[in-house]
Amino acid sequence: MMKKLLYLLLVFCSFSSYKCQDKKSSDFIKTLGNGYYSIPNKVGNQLILSNYQNYKNNNDSIFLEKILYLYEKDNFILVIGNIMGSKTSLVLALEKNKEKFEYVYSEQVALIDTVEKEIIKDYTFLKLNNIYSDICSEREVLLIYILDNLRFYKSFEGIKSEEFNNTGDSLCQRGVSYIQNFDLKFENNEIVLNAHKKGTDKKSEFKKYYFKNHQFK
């Protein structure tokens, strides 16, 4: 009976990894009764997001309405989530030593739609997509981060597509709409990012970015 229960627990964790991981991070990530999550905004005397104000009109805690990605190993925590009541997302990596955080990476970005993980060689790449729109255009952006030996880096930011309304509004800049496909791969013993751009004017452009010092250049 006990073996059967253990097996069921393992199966449950494999299909619901966040729920199992959430118990491990209960000292940092709090699950609220309304389905949201909260994390402390202060690391010692340092604020993770210095300009953040939550719905309680203070900056002691950051409230997330959705967690898109969570990774934990030893004392390292990486969390990507959408900030409640905001069209922005939090990208946060921490390394905790007892009650002190030794390492902090934090960034507030435009609202993330999806997170995709890809492992190449010994590196874990996270590809984040967000969409921004206004009266003039709509833009989809790709952000690439890398997890390497429990250190977190932003490696690349590029536009996947941009569609201009071209309505003749004097406030808007007219432009050529385009899409740009990105292909992250290992070729010729190197990690590269291939970009193929094609506009509505039928012009195309190809560019190759090489991975060096945790950056695509």
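Annotations for the structure displayed:
- Conditions (1) closer than 20 Å to residue 144 by Cα; (2) surrounded by 14 or more Cβ atoms within 10 Å (Cβ to Cβ): number failed by residue 181: (2)
- Strands (runs of 3 or more DSSP E) completely within segment 86-140 that count 2 or more residues being of a type in the set (S, T, N, Q), farther than 27 Å from residue 178 by Cβ and touching a residue at least 12 places away in the same chain (Cβ under 8 Å): 100-110
- Note on segment 184-217: residues that are open to solvent by 70 Å² or more (accessible area, probe 1.4 Å), closer than 24 Å to residue 131 by Cβ and within 25 Å of the chain's Cα centre (by Cα) total 2.
- Count of residues meeting criterion [within 13 Å of residue 115 (Cα to Cα) and either open to solvent by 70 Å² or more (accessible area, probe 1.4 Å) or touching a Leu at 6+ places or on another chain (Cβ under 6 Å) (or both)] in segment 132-143: 1
- Segment 57-85: number of residues that are out of contact with any Lys or Arg (no Cβ under 6 Å at 6 or more places or on another chain), assigned to a loop (DSSP other than H, G, I, E, B) and open to solvent by 40 Å² or more (accessible area, probe 1.4 Å): 6
- Residues of segment 38-51 that turn out to be crowded, with 19+ Cβ neighbours inside 10 Å and touching a residue at least 24 places away in the same chain (Cβ under 8 Å), as a count: 2
The values are calculated or read from the model by the stated rules, or taken from the named source; none is laboratory data. All values reported here derive from a predicted model rather than from experimental measurement. A quick note on method: Cβ atoms are made from the backbone with ideal geometry, for glycine too, and the neighbour counts reach across all protein chains shown. Keep in mind that these areas ignore ligands, DNA and RNA; they rest on the heavy atoms of the full protein, side chains included. Shrake-Rupley method; radii C 1.70, N 1.55, O 1.52, S 1.80 Å.
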